[in-house]
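The values are calculated or read from the model by the stated rules, or taken from the named source; none is laboratory data. Just so it is clear, the model here is predicted, and its values are computed rather than measured. Please note: Cβ atoms are built from the backbone with ideal geometry, for glycine as well, and neighbour counts cover all protein chains shown. These area figures cover heavy atoms from the full protein model, side chains too; ligands, DNA and RNA do not enter into them. Shrake-Rupley method; radii C 1.70, N 1.55, O 1.52, S 1.80 Å.
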Amino acid sequence: MWLLKWFPVQWVDRFLLLISWFMLGNTARLGLKRPNTGPLELKSETGKTPVLDVGTLSKIKSGDIKVKRAVTKFLGKRVEFIDGQTETFDAVVLATGYKSNVPLWLKETEMFSEKDGLPRKPFPNGWKGEKGLYAVGFTRRGLMGASLDATRIAQDIEICWRRTETYQHIINGASPF
């Protein structure tokens, strides 16, 4: 922001992109495509802020986290990719990029708008869909909005888990209390 006092946004953005290239390296070789637009212009035009956690980046570089593209379908815990390969996962994190393309691949029309790919319910209620579908980061409120969504989702998962646990106790003839 300090540089904007003396230089135009485009120059500052180019400088920031150059510095990030030196600090992070070529993220495209890791499967992380970077936008051509600089972070200040992107924020100004779309309201979105690109964020890359360096801890996550180091896990991607080490191979602990895999970046995959083009999921064709979910089969329980198995995921099929466009190249025909399937893998089993405990959890899948779908990072859809800087513009939501959710309606292109998610065959669910109640939660997300086909127009802009954002939840139909306004903030703060757009985080929960049907059948265990959750959404984080669609609030247009930056990291604070994503944090609120993530907290609500964790609480809901806990409630669902406790209900299942209580149900299992009842089926087995034991008191849940």
Fill in the blank from the handout: Pairs returned, first residue in region 147-164 that is exposed (fewer than 12 other Cβ atoms within 10 Å of the Cβ), second residue that is in a helix (DSSP H, G or I), beta-carbon separation under 9 angstrom, 6 or more apart or interchain, are none
Problem - Pick from region 26-35, criterion in contact with a helix residue (DSSP H, G or I) (Cβ under 9 Å, 6 or more places away or on another chain) and under 23 Å from W11 (Cβ atoms), ranking: modelled with the highest pLDDT - result: T27
Practice task
For region 61-72, state whether one or more residues are part of a strand (DSSP E or B), modelled with pLDDT of 85 or more, surrounded by 12 or more Cβ atoms within 10 Å (Cβ to Cβ) and not acidic (D, E).
Solution key: yes
Problem - From the options D83, D90, residue that is modelled with pLDDT of 80 or more, open to solvent by 60 Å² or more (accessible area, probe 1.4 Å) and in a loop (DSSP other than H, G, I, E, B) - result: D83
Handout entry: In region 133-146, residue modelled with the lowest pLDDT [restricted to those that are of a type outside the set (A, V, I, L, M, F, W, C) and open to solvent by less than 60 Å² (accessible area, probe 1.4 Å)]
Key = G142
Practice task
Please go through region 10-36 and pick out each residue that is of a type outside the set (A, V, I, L, M, F, W, C), farther than 20 Å from D64 by Cβ and either open to solvent by 60 Å² or more (accessible area, probe 1.4 Å) or under 20 Å from the mean Cα position of the chain (by Cα) (or both).
Solution key: Q10, R14, K33, R34, P35, N36
